[in-house]
1. Whole-Hz ³J(HN,Hα) for each residue in region 45-60, computed from phi via Karplus 6.51 cos²θ - 1.76 cosθ + 1.60 with θ = phi - 60°, x for glycine and proline: what do you get?
2. Leaving out same-chain residues fewer than 8 places away, which aspartates and glutamates sit with a Cα under 17 Å from that of Lys71?
3. Counting only other residues whose beta carbon sits under 13 Å from that of Pro56, what net charge do I get with K and R as +1, D and E as -1?
4. What is the packing order of peptides 37-45, 51-59, taking the mean over residues of other C-beta atoms within 10 Å and listing the highest first?
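Only the coordinates and a few stated rules stand behind these numbers; no lab work does. As the structure is a computational prediction, the values presented were derived from the model and not from experiment. All Cβ positions, even for glycine, are placed from backbone atoms using ideal geometry, and neighbour counts span all protein chains on display.
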Amino acid sequence: MLINKSIIGLSLVFAGVSAFALDQAGIEKSIQLKDGSTVHLFKDGKMAMENKFGHPYRMQEGEMMETTDGKSIAMKGDEVARLSNAMRAHLRP
Ligand SMILES: [Cu+2]
């Protein structure tokens, strides 16, 4: 019971930090995908992937992704370094 509560609290804190970090990194919008991952769109049109555990991962250029509302998007760019740098910078105290 007590353990469950603290896990929920921690994940809320992380979500807040993450949203701020992504804003700072020049990300225009973030789209939720059907498999639980998120695709982040940078202002220059390139993309970066984040899995459902909040970790950046690689994806091939041109690979198709399906959004939660059933749309298909083709992967453009592979900005995994840019995304993970932004996340790491803002998680540091
Ligand atoms: Cu992708």
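1. x, 7, 10, 9, 9, 10, 7, 5, 9, x, 10, x, 8, 7, 9, 5
2. Within the straight-line limit of under 17 Å, Lys71 reaches these aspartates and glutamates: Asp35, Glu63.
3. Working: positive: Lys52, Arg58, Arg82, Arg88; negative: Glu50, Asp78, Glu79.
Summing Lys/Arg as +1 and Asp/Glu as -1 gives +1.
4. On the way: 37-45: 15.6, 51-59: 13.0.
Output ranking for 37-45, 51-59: 37-45, 51-59.
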